[in-house]
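The values are calculated or read from the model by the stated rules, or taken from the named source; none is laboratory data. A quick note: this is a predicted structure, and the numbers were derived from the prediction, not measured. Backbone-built Cβ (ideal geometry, glycine too); neighbour counts: all protein chains shown. When the accessible area is computed, the model is the full protein with side chains, heavy atoms only, and any ligands, DNA or RNA have been set aside. Shrake-Rupley method; radii C 1.70, N 1.55, O 1.52, S 1.80 Å.
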Amino acid sequence: MGTPLVIVESPAKARTIEKYLGGGYRVEASVGHVRDLPSTAAEIPAGKKGEAWARLGVDVENDFKPLYVVPAEKKPQVKKLKELLDDADALFLATDEDREGESISWHLLEVLKPKVPVKRLVFHEITKEAIQKALATPRDLDVDLVRAQEARRIVDRLYGYEVSPLLWKKVRPKLSAGRVQSVAVRLVVERERARLAFRSAAWWDAAGRFAGASGTVEADLVEVAGRRVASGRDFGADGKLQEPGKVRLLDEATTRALAAALAGAPAVVRSVDRRPVTDRPAPPFTTSTLQQEANRKLRWTAKRAMQAAQRLYETGWITYMRTDSTTLSREAVEAARRLIGEQYGPDYLPASPRAYKSKVKNAQEAHEAIRPAGSRFRSLDEASRELDGDQYRLYELIWKRTVACQMADARGFLTSVEIAVGQGEHAAAFEAHGKTISFAGFRRAYVEGSDNPEAELADQERILPPLSQGEALATVAIEPRGHETRPPARLTEASLVKELEARGIGRPSTYASIIDTILRREYVFKKANALVPTFTAFAVTRLLEEHLDWLVDYDFTARMEQELDEIALGQADSLSYLRRFYAGEGGLHRRLGQAGDDIDPREICTMVLARPDEGEPVAVRIGRFGPFLSSGELRADIPEDLPPDELTPELAQRLLQQRKDGPAELGVDPVSGLMVYRMNGRFGPYVQLGEAEGKDKPRRASLLPGMDAEGLDLDQALKLLSLPRTLGVDPDTGEEVVASNGRFGPYVKRGAVSRSIPAGASVLDIDLAEARALLAKAPRRAGPEPLRQLGADPRSGRAVVLMSGRFGPYVTDGETNASLPKAADPLTLDLAQAVELIKAREGQPKRPARGRAAKAPAKAKAPAKAKAPAKAKAPAKAKAPAKAKAAGDGPESPSQ
């Protein structure tokens, strides 16, 4: 008798299962898929290379029969599995319980061709109980799931391999298209188009501070002389009032005159409205909501979240992480309720369990929601001892969300106070809104994040003094405030995932890879946490919209997803679906052929920015090496990190003029005798020592954040060219300490340890002692998501953000935190104001650091409120470098 062989996908999963099965089984990993469609021409079998369809890997002339191959890197593992199977008396396929897992099991059967009994083991968590239950109730392979995954794989291959070459011909090489990928890019592009079309509008209001017997209250101006004061919501994207007859638009002069007239005037409480409010907890995590929340709260990419979740699942900490179900098993509900009763008290335990149902389009309810595994949730204390940083932080998020979803509602009161002050044309009304929490409920464990900064701010507790109708108040101050409407916020990874899921496009398990692909393919880049489309994304989206609109139609893509789901359920035939999609009059193949002849590459790849009365139009064009500016015969690079909505006609003209003027000579390096130039490239302004000769690249260095390119002198340029500079050797470690400028700003480094250089210190001047002090500090942990990105501090180049804290909103540059004054409006605060607050806070003693929050709260008694550059050979004469090509010049990274 042999030993039963159990095959799973990953070595980590194999180790965990082997621990529960004991010595009676041999557990081995397939290490993912063992077969797939050929990814390169070299993988196509010699006998098939002559076929017209060979490059697709799908025989479109013979019922879409896929050509499967075992990649070279998988052959040793397949050989090992065959050898293990020779000594086995049974084969258990224990891959994941979804389409992909079912497909891996099917491919294993096809490749291994076992001659022993074969059974399929399925479980949604890796615990001893779950594994034993799966062994007791094995099943056969689900052929419908296999066919659905195969159809999905074939559709994606045909879409990508047929559409991508069209993009290479009409836009630029090495681009890709995809069934979900191209739609995701379109969503990001459409948001940027809305920002480009947006026209800002200015409006004014005032903040009033009033004092009564029980305290002071701050309120916002809402009405003047009986008419509501216009605010941001009254303007359209064109910058005009949508209903001008219904509101009064205040300008600065009028508002200041009103403030002067109301100064010291008596005020009275016109009305007080107090009503109870109940907040309910969010449902437990699905794949997409886990990705969204990890992005909001941990600032993680979807890919990073899924990698951590995969490790947690494979090591038995959480249930299966690819699911769109919000249901919990009875076992999980009982575990959560037992924990709530023990750690939070009976007041936090609702009378009956909560049940959730997914509201997502095309949701599949086969799996449980993501939760801590087992019938007893392992504590956060235990997790902190056994898990690494990423795994612990994600487990903490899942643990708290799961527990909170079964806790009692939070209860409180919303209070609105209206205050009247002034008479006649100066009669004004102010409103103050307060929120008090009388019972924290689920908030003791967890509060869901938000993509909307205004919603996040509004959710904070704000206590008003007790006021009564008719009460007299004194007007302490009236402060005029100017505002500008803001364009629609860019999509983040969290909001893109939410949008895709709401539209029924793609499956949650694919969102992380889709976002990773559009970032790698340079269709989008990140600015802070926002996804910004490139000009290439604009060109590709325009091509698809104008010539292959059905491929990026949201409803069509959602219907495709639904049809693929129907195949998985055995309700539709995969072959019929593939024929409709690819062949026939309306199929992909014929429509691509028709579209190819109609597309004008120059037209598709041109975005006109300005048409001056005299001279050539200014336009963005897409070339072989990326986007560039064009006006007549003049070309200029576009900085790679420049968002499309920031490329104004004025900036474009300036970039073109800089290109026309050529490199600026700053002076001669006294050491090498070479001329030092200030230049502009794809990555922004930089300095260069000498010129390119042959294959040798001249030394280059990017400007530091906040540096004025126009005011740069020779001394500053030489200091930049000295980076990275060695500060000396750390006597404690014997390692060199280096100061440099990198992708994320200036930093110091010793071996594998690095720390950012804070505001107030310069990478050009920092010494060894200062660097060692920085390196001795503990690394900063990623915190919650910012409410707003305000821009870069002109002094240090550090990103300044508005955050939501326990005691209200504050601004930070990553080193210094500064609370907002009570009169400041967080939603209209600008960069200059934030920098002044930070400057005022710098140098003041910091508040004592708080200890790490307890992993599990105590039971509640009652509800509570590089080296220096080598010396170059001096040429006989320094001469100006030739003007670089329109694309590709400049350092490839800020640290070069």
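Place the peptides 231-241, 554-564, 317-327, 788-798 in order of packing, highest mean first, counting for every residue the other Cβ atoms within 10 Å and averaging per peptide.
With the highest mean Cβ count within 10 Å placed first, the list reads 317-327, 788-798, 554-564, 231-241.
What residues have an amide H closer than 5 Å to that of Trp300, excluding those fewer than 5 places away on the same chain, when H is modeled at 1.01 Å from N in the peptide plane?
When sequence neighbours closer than 5 places are left aside, the close amide H contacts are Asn295.
In whole percent, and with a 1.4 Å probe on the protein chains, what portion of the accessible area of region 276-339 is carbon and sulfur?
Of all accessible area on region 276-339, carbon and sulfur atoms account for 46 percent.
List the residues whose amide H sits under 5 Å from the amide H of Glu223, counting only those 5 or more places along or on another chain, with H placed 1.01 Å from N in the peptide plane.
Amide H neighbours of Glu223, under 5 Å, 5+ apart: Val229, Ala429.
With the alpha-carbon atoms as the only input, what is the per residue convex hull volume for region 318-417 in Å³?
Cα convex hull per residue, to the nearest whole number: 160 Å³.
Given region 528-620 reduced to its alpha-carbon atoms as identical point scatterers, what log10 I(q)/I(0) does the Debye formula return at q = 0.23 Å⁻¹?
-1.16
For the chain, what is the largest minus smallest coordinate of the Cα atoms on each principal axis, given in angstrom and ordered from greatest to least?
The Cα atoms of the chain stretch 95, 87, 70 Å along the principal axes, largest first.
Please list, in order along region 335-342, the HN-Hα scalar couplings obtained from phi with the Karplus expression 6.51 cos²θ - 1.76 cosθ + 1.60 (θ = phi - 60°), rounded to whole Hz, x for Gly and Pro.
5, 5, 5, 5, 5, 4, x, 6
Set Lys and Arg Cβ to +1 and Asp and Glu Cβ to -1, take the dipole of the chain about its Cα centre, and tell me which of Thr517, Gly316, Pro663 lies farthest positive.
Gly316
Ignoring everything but the protein chains, give the 1.4 Å probe accessible area of Lys660 in square angstrom, nearest 10.
120 Å²
Rounded, prolate or oblate: which fits region 514-568, taking a ≥ b ≥ c as square roots of the Cα gyration tensor eigenvalues, rounded meaning a/c under 1.5, else prolate when a/b beats b/c?
In terms of gyration-tensor shape, oblate.
Express in whole angstrom the spacing between the alpha-carbon centres of region 113-131 and region 84-107.
Their Cα centres are 8 Å away from one another.
Given the -39500 (n - 2.57) contribution per DSSP H run of 4+ residues, what per-residue ellipticity at 222 nm results for the chain, rounded to the nearest 500 deg cm²/dmol?
For the chain, the value works out to -10000 deg cm²/dmol.
For region 165-235, what % of the accessible area comes from carbon and sulfur atoms, probe 1.4 Å?
50 percent
Region 17-94: which chymotrypsin sites (Phe, Trp or Tyr not before Pro) are DSSP loop and have at most 12 other beta-carbon atoms within 10 angstrom?
Hits after loop and neighbour filter: nothing returned.
Add +1 for every Lys or Arg and -1 for every Asp or Glu among the other residues with Cβ under 9 Å from the Cβ of Ser740, and state the total.
+2
Which GluC sites (Glu not before Pro) from region 29-96 combine a DSSP loop assignment with at most 11 other Cβ atoms within 10 Å?
Of the GluC sites (Glu not before Pro), the ones in loops of region 29-96 whose Cβ has at most 11 other Cβ atoms within 10 Å are Glu61.
So what's the gap between the Cα centers of region 584-636 and region 232-302, to the nearest angstrom?
For region 584-636 versus region 232-302, the Cα centre distance is 41 Å.
Pull up all non-local amide H partners of Ile318: gap of 5 or more, or a different chain, and H-to-H distance under 5 Å with H placed in the peptide plane.
Those qualifying (amide H under 5 Å, at least 5 residues apart or on another chain) are Tyr313, Ala373.
Got the relative contact order for region 679-720 handy, in percent, Cα pairs under 8 Å and 6 or more residues apart?
32 percent.
Using a cut-off of 12 Å between beta-carbons, work out the net charge of the residues near Leu764 (Lys and Arg +1, Asp and Glu -1, Leu764 not included).
-1
Per residue of region 522-534, what does 6.51 cos²θ - 1.76 cosθ + 1.60 with θ = phi - 60° give for ³J(HN,Hα)? Whole Hz please, x for Gly and Pro, Karplus curve as stated.
6, 7, 9, 9, 9, 10, 6, 9, 8, 9, 10, x, 7
If I take every Cα pair under 8 Å that is 6 or more residues apart in region 1-100, average their sequence separation and divide by the length, what percent do I get for the relative contact order?
Result for region 1-100 is 39 percent.
Mind checking region 685-790 for GluC sites (Glu not before Pro) that DSSP puts in a loop (not H, G, I, E or B) and that have at most 12 other Cβ atoms within 10 Å?
Answer by residue number: Glu710.
Rolling a 1.4 Å sphere over the protein heavy atoms, what is the accessible area per residue of the chain, to the nearest Å²?
Result: 48 Å² per residue.
So which aspartates and glutamates pass the test for Lys74, namely a Cα distance under 16 Å, with those fewer than 8 places away in the same chain ruled out?
Lys74 reaches Glu9, Glu28, Asp36, Glu43, Glu83, Glu110.
So how compact is region 618-674: Cα radius of gyration and Dmax in angstrom?
Cα radius of gyration and Dmax of region 618-674 are 14.5, 43 Å respectively.
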